[in-house]
Amino acid sequence: MTTTTSLNQPTYQWFRNNILIAGATAANYTATQDGIYKVIATEPGNGCDITAEASVTLVYPTNFVLTIN
């Protein structure tokens, strides 16, 4: 997921199901689990926050076979 904003030098914090994702502070985040993801972008100095949410469902292939010889 990628964020875009008109904020000046924003900081980011990502959440999954309203739980903080440790270390997820970039404008981009790669989801590896199902859930509702939220990002809060804040403009330093003025406290302006913008919040956006997206629901992500990951679907893995069925009948997948992996063989190691």
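The values are calculated or read from the model by the stated rules, or taken from the named source; none is laboratory data. Predicted, not measured: the structure shown is a model, and the values here were computed from it. Here Cβ is always computed from backbone atoms with ideal geometry, including for glycine, and neighbour counts include all displayed protein chains. Areas reflect the complete protein model, heavy atoms only, side chains present, ligands, DNA and RNA absent. Shrake-Rupley method; radii C 1.70, N 1.55, O 1.52, S 1.80 Å.
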Can you say whether I19 is open to solvent by 80 Å² or more (accessible area, probe 1.4 Å) and either at pLDDT 85 or above or more than 13 Å from the chain's Cα centre (by Cα) (or both), as far as the supplied structure shows? yes
Of all residues in region 3-16 being open to solvent by less than 40 Å² (accessible area, probe 1.4 Å) and part of a loop (DSSP other than H, G, I, E, B), which is modelled with the highest pLDDT? P10
Region 22-64 - residue that is surrounded by fewer than 10 Cβ atoms within 10 Å (Cβ to Cβ) and among the hydroxyl-bearing types (S, T, Y) and, of those, modelled with the lowest pLDDT: Y60
